[in-house]
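The values are calculated or read from the model by the stated rules, or taken from the named source; none is laboratory data. A quick note: this is a predicted structure, and the numbers were derived from the prediction, not measured. All Cβ positions, even for glycine, are placed from backbone atoms using ideal geometry, and neighbour counts span all protein chains on display.
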Amino acid sequence: MRTRRVVVVVAVVAAVGVILATSYLASDGRLQLPWPQMHRQILGGDRGFMRSSSLAAAGPYVESIAGLLLQFLIGVLVVYAAPERMRRLSDALAAGGRDMLRHFVIGLLLALGLGAVAVLSAFFVQTFLLPFVLTAVYFLAALVGGVGLAFALGRGLLRRTGWAGGSPLVSLFVGTLPLYAATRIPFVALVVIGGMALIGAGVALSTRFGGRRTWSLDPLREVIE
């Protein structure tokens, strides 16, 4: 138990270290973060209203903290909006590696299916808005599933250490922290975000967004007496 606690503490500290290290290298100009940095337009751009070098150097740190808080607060909103569904969704993600792979494949098939529908809808005027709707549906599924993945990860880590009896928001934060840190690393970020989106969408689809029932056509079957 003690060894597991040390491992979890080291993982959390390492995630914080990655966030701080990438922010430092970005402020020093030695690292290009995977995503556009808005602080350059606000603090250091041609039309920026703040040109102080110290403020410009602090930009990556402010942005990294803001990004972490944003992901955590989105998770908090989702968890409070549907706690029971989030519990069932995270239970499905905590089942094991084989089920995780299954959710990944389902998410990939869902993306391919929605993409095919979007391409075909381009041939018809009456369905020209359908690609935007399908994109929003997939984004929502990936978002909810991603929150479930972060919660399942944090809950799993805390369970192994005997610290899982506290607030579920602690589990959410512990799971969000390493996932967010991974999205700060060039090249790794695309793989992590793509994997999270596919797994999240897959588990959201396979569990019907954490619903009690499974997918079935039995309600449509004719009852023969």
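Would you confirm whether any residue within the stretch 141-161 is surrounded by fewer than 13 Cβ atoms within 10 Å (Cβ to Cβ), at pLDDT below 90 and on the phi < 0 side of the Ramachandran plot?
No, the stretch 141-161 has no match at all.
Collect the residues in the stretch 21-31 that are in contact with a helix residue (DSSP H, G or I) (Cβ under 8 Å, 6 or more places away or on another chain) and modelled with pLDDT of 75 or more, keeping them in residue-number order.
Result: Thr22, Ser23, Tyr24, Ala26, Ser27.
Tell me, yes or no, whether the stretch 50-57 has at least one residue that is of a type outside the set (Lys, Arg) and at pLDDT 80 or above.
Scanning the stretch 50-57 turns up no residue that is of a type outside the set (Lys, Arg) and at pLDDT 80 or above.
Name every residue in the stretch 188-225 that is in contact (Cβ under 8 Å) with a residue 40 or more places away in the chain, more than 20 Å from Gly97 (Cβ to Cβ) and either in contact with a helix residue (DSSP H, G or I) (Cβ under 6 Å, 6 or more places away or on another chain) or not in a helix (DSSP H, G or I) (or both), in order of residue number.
Phe209, Gly210, Gly211, Arg212
Residues checked against (1) closer than 29 Å to Arg30 by Cβ; (2) hydrophobic (A, V, I, L, M, F, W, C):
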position: Phe132; (1), (2): no, yes
position: Thr135; (1), (2): no, no
position: Leu140; (1), (2): no, yes
position: Gly145; (1), (2): no, no
position: Leu153; (1), (2): no, yes
position: Val174; (1), (2): no, yes
position: Leu190; (1), (2): yes, yes
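Do we have any residue at all in the stretch 67-80 that's among the small types (Gly, Ala, Ser), over 13 Å from the mean Cα position of the chain (by Cα) and surrounded by fewer than 20 Cβ atoms within 10 Å (Cβ to Cβ)?
Looking for residues that are among the small types (Gly, Ala, Ser), over 13 Å from the mean Cα position of the chain (by Cα) and surrounded by fewer than 20 Cβ atoms within 10 Å (Cβ to Cβ), one finds none in the stretch 67-80, hence no.
Residue check, Phe124 against (1) under 24 Å from the mean Cα position of the chain (by Cα); (2) exposed (fewer than 14 other Cβ atoms within 10 Å of the Cβ), all met but one. Which one?
(1)
Within the stretch 163-181, count every residue that is surrounded by fewer than 17 Cβ atoms within 10 Å (Cβ to Cβ) and closer than 25 Å to Val137 by Cα.
Summing the residues that are surrounded by fewer than 17 Cβ atoms within 10 Å (Cβ to Cβ) and closer than 25 Å to Val137 by Cα in the stretch 163-181 gives 0.
So which of Ser216, Ser171, Ser206 is among the hydroxyl-bearing types (Ser, Thr, Tyr), closer than 19 Å to Arg88 by Cβ and modelled with pLDDT of 90 or more?
Ser171
Check the stretch 94-101 and report whether any residue there is touching a residue at least 24 places away in the same chain (Cβ under 8 Å), in a helix (DSSP H, G or I) and not polar (S, T, N, Q).
For the stretch 94-101, residues touching a residue at least 24 places away in the same chain (Cβ under 8 Å), in a helix (DSSP H, G or I) and not polar (S, T, N, Q): present.
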